[in-house]
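*Asks:* Can you read through this structure? Questions will come right after.
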Amino acid sequence: MTAIEYVRGLFGQEDDILTGVRQSIVDRDMPAISVSPEVGTFLTMLVKMNGAKNVLEIGALGGYSGICLARGLGEDGTLTSLELEAEYAELAHENLKKAGFGDKVQYRLGEALTSLEQLGAEGAKFDLFFIDADKVNYLNYYNWALKLANPGALIVGDNVLQSGRVFDPENNAENTLAIRAFNEQIATDDRVDSMLLPIGDGLSVTRVK
Ligand SMILES: C[S@@+](CC[C@H](N)C(=O)[O-])C[C@H]1O[C@@H](n2cnc3c(N)ncnc32)[C@H](O)[C@@H]1O
């Protein structure tokens with residue numbers, strides 16, 4: 001057994017709602033790339049620990065991480081979720097409704113960078129960001145998150161170990177280079193405190209000072 005399997009066995013138990021989300025993704029032939037169960041558990045904890053009221057998710061897919069984030073919100077909390085594919089956002093919304101969070105979530109369709117520009121123009125501010133879309137734009141999403149962040153906000157990034165490719169010096173694929181640059185930025189940026197946790201496919205947690 002690996003360390004991650006041990007962690008998952010203890011802290012990554014899925015309930016029927018989350019199992020149903022995974023199944024709905026398979027049923028629609030969508031990519032099975034939701035966050036891992038233990039990352040889902042930790043997302044709920046992070047929202048609660050930070051007392052986050054307004055959460056921004058970049059990459060909705062079928063709503064798995066959206067439900068985990070929404071589970072951490074208080075009564076007046078909101079989730080804004082950015083998604084490129086209309087069909088995915090539709091399923092995510094359906095699943096959030098089933099989980100009891102239909103009225104807490106708003107989806108914005110299209111390129112996330114365009115939605116982020118719009119949110120910036122609207123003066124929107126967030127307490128927690130979850131970055132889980134196209135890897136080549138992680139640094140761009142991070143820079144937008146810094147612009148839209150309330151003090152003390154958390155910026156969380158998924159897949160930051162890229163199944164180990166990120167620390168393989170021989171691997172210089174586009175996604176690997178992009179995530180390596182993202183990790184190096186959050187590790188050295190004076191405006192934030194950061195840590196990379198080896199759960200799931202690697203989860204970065206950054207706190208804006
Ligand atoms: C890894 S999946 C998200 C999984 C989801 N966070 C979860 O765990 O339930 C990545 C998602 O990002 C979306 N995406 C990819 N590129 C995007 C872009 N440029 N703008 C907005 N969404 C994008 C994909 O359509 C896909 O649904």
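*Asks:* Residues in the range 121-142 that are surrounded by 13 or more Cβ atoms within 10 Å (Cβ to Cβ) and away from the ligand (no atom under 14 Å from the Cβ): how many?
*Replies:* 5
*Asks:* Also, I was wondering about something else. I need the full set of residues from the range 158-198 which are in contact with a helix residue (DSSP H, G or I) (Cβ under 6 Å, 6 or more places away or on another chain), of a type outside the set (S, T, N, Q) and either buried (at least 21 other Cβ atoms within 10 Å of the Cβ) or without any contact (Cβ under 8 Å) to a residue 24 or more places away in the chain (or both), in order please.
*Replies:* V160, R165, V166, I179, R180, F182
*Asks:* Right, here's the next one. Within 8 Å of the ligand (Cβ to nearest atom) and within 22 Å of L197 (Cβ to Cβ): which single residue out of V35, V55, V47 fits that description?
*Replies:* V35
*Asks:* Take F42 and tell me if it is aromatic (F, W, Y), more than 13 Å from the ligand (Cβ to nearest atom) and either out of contact with any strand residue (DSSP E or B) (no Cβ under 6 Å at 6 or more places or on another chain) or not in a helix (DSSP H, G or I) (or both).
*Replies:* So F42 does not fit the description; no.
*Asks:* OK, next. Checking L73 against (1) surrounded by 18 or more Cβ atoms within 10 Å (Cβ to Cβ); (2) within 14 Å of the ligand (Cβ to nearest atom), which single condition isn't satisfied?
*Replies:* (2)
*Asks:* Out of the range 1-41, which residues are touching a Leu at 6+ places or on another chain (Cβ under 7 Å) and either open to solvent by 50 Å² or more (accessible area, probe 1.4 Å) or aromatic (F, W, Y) (or both)?
*Replies:* Selection gives R28, I33.
*Asks:* Just one of the numbered conditions (1) open to solvent by less than 10 Å² (accessible area, probe 1.4 Å); (2) outside any loop (DSSP other than H, G, I, E, B); (3) within 8 Å of the ligand (Cβ to nearest atom) is not true of Y88; which one?
*Replies:* Going through (1) open to solvent by less than 10 Å² (accessible area, probe 1.4 Å); (2) outside any loop (DSSP other than H, G, I, E, B); (3) within 8 Å of the ligand (Cβ to nearest atom) one by one, Y88 breaks only (1).
*Asks:* Tell me the residue from L96, L109 that is within 12 Å of the ligand (Cβ to nearest atom) and open to solvent by 20 Å² or more (accessible area, probe 1.4 Å), please.
*Replies:* When all the criteria are applied, what remains is L109.
*Asks:* Please work out if A153 is surrounded by 16 or more Cβ atoms within 10 Å (Cβ to Cβ), part of a strand (DSSP E or B), of a type in the set (A, V, I, L, M, F, W, C) and out of contact with any helix residue (DSSP H, G or I) (no Cβ under 6 Å at 6 or more places or on another chain). Spell out the reasoning first.
*Replies:* Working: surrounded by 16 or more Cβ atoms within 10 Å (Cβ to Cβ): yes; part of a strand (DSSP E or B): yes; of a type in the set (A, V, I, L, M, F, W, C): yes; out of contact with any helix residue (DSSP H, G or I) (no Cβ under 6 Å at 6 or more places or on another chain): yes.
Answer is yes for this residue.
*Asks:* Any idea how many residues of the range 45-79 are charged (D, E, K, R) and in a helix (DSSP H, G or I)? Write out each step before concluding.
*Replies:* Filtering the range 45-79 for residues charged (D, E, K, R) gives 48, 53, 57, 71, 75-76.
This time we only want the ones that are in a helix (DSSP H, G or I), so: 48.
So the count comes out to 1.
The values are calculated or read from the model by the stated rules, or taken from the named source; none is laboratory data. Bear in mind the structure is a predicted one, so any value in this text is a computation, not a measurement. We place every Cβ from the backbone using ideal geometry, glycine too, and count neighbours over all the protein chains shown. Only protein heavy atoms, including side chains, enter the accessible area calculation; ligands, DNA and RNA are left aside. Shrake-Rupley method; radii C 1.70, N 1.55, O 1.52, S 1.80 Å.
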